[in-house]
Amino acid sequence: MTSPKKTLFQRPVCCLLLLLCALATSLLHAQDSAKPLLSLDAVMSKADQDRTGVSKLSLKERAALEQWLTDFAITVATKTAADAALSPKAAAYAGIGQKHWVKSKADGGAFIQLEDGSLWEVSPIDKINTMLWLPLDDVVVVQSKNPLYPYKLVGERDAAEAKLVTSSRSGSATEAHDGNIELFASTGSAVAYVSPENDMTIYLWAGTACGYLDDENIYGFNGKHLGWFRDGLVYDHAGRLIAATAENFREPVKAAPVKGLKKLRPLKGLKELKPLKPLFVKAWSETPAEAFFLLGSR
C-alpha cells in the first residue's frame, strides 16, 4: 500500500503478529482447495482496528490486507518448521588446545583436514598462509574472536582463522570416519559426500562424480555454478537448502548405506560466472538433492 493509509505498517501490533504465528500451522494443514484467509476481525479487536486505521480501509483494501496476512503467516510457519529441523548453531570442537597435524589440504589451502578427521574452512584472508602448509605440519586449534571464523589454526610459522565443517569428535553416530563430508537431504537420507582427498570432489552416494568445491562455491564438472556450501549447509541459487551435514540436524539422520565405488572424475569445464549471493534462509528447496547435484554432470 502506498496510499496515505499506511499507519498499520508504521505501528505494527505485537499481538497481531503473535496470533499470526499461532494460526500459521493450521493454515498450512488446511485441506480446502481454496487457500483460507485470516479474518482481521478474528485477530484484531475493534479498538485495535480503529487505533491502527484498519477500520478505515475499503472492502477491497481490507481483502488485500487479509490475503497478505495469510501469505505472511504461511511464510512464518514454513521458516519455523525449517528452523526446527536444523540446528542454528555450528558444531563445537572438542580438540581445542591440543596438538594436531595436517593430514591433507584442498583448493590451495582453502580447506584443511587434520589427523582426527576434522575439516576446516579457512578464512579467504588467511588462505595465503595455509597454501604453504604441508602434510604432517603441527597445528594447535584455539578459539578466535572472529564470529565468522570462530577458531584459529596455529601452525609453526603462522596461523589462520577458520570455521569447523565436520568433526569426528562431535560424538555423532553417523559421522564419517573416512574423512569425507557426508551430506543428507531434507528427509535425513544420505545423498552425497565431499572428498577432501580428491580435491574436494562431490560424489553422489552411488559414486558418480558430479561437482567440486571452489572455496564456498559449488561447481559442476560441466562448469555450471550450482550453489554454495556454508557451515555444512548446501544452498541453491534461491538461497534455500538442498542438503546438510548430519551435525546440522536436530534429530538423528537415517543410517547411511555403504558408499558405491568412486567413478572416474571428468575434466573440469570452463567455470561460468557465479551469480550474486542470495539471502540464505533455513528453508528447504523443492529441488531434490540428487537432482541438484546431477546438474553438474550434464
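The values are calculated or read from the model by the stated rules, or taken from the named source; none is laboratory data. Just so we're clear, the structure is a prediction, and the values are computed from it rather than from any experiment. Please note: Cβ atoms are built from the backbone with ideal geometry, for glycine as well, and neighbour counts cover all protein chains shown. Heavy atoms of the whole protein, side chains included, go into the accessibility calculation; ligands, DNA and RNA do not. Shrake-Rupley method; radii C 1.70, N 1.55, O 1.52, S 1.80 Å.
The table for this structure:
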item	result
Three-way shape call for segment 124-169 based on the alpha-carbon gyration tensor, with the a/c threshold at 1.5	oblate
Listed residues Asp236, Asp50 arranged by accessible area, highest first, probe 1.4 Å	Asp50, Asp236
Local electrostatic count at Val122 - Lys and Arg +1, Asp and Glu -1, tallied over other residues with Cβ under 12 Å	-3
Mean Cβ neighbour count within 10 Å, used as a protection proxy, ranking 222-230, 277-285, 241-249 highest first	241-249, 222-230, 277-285
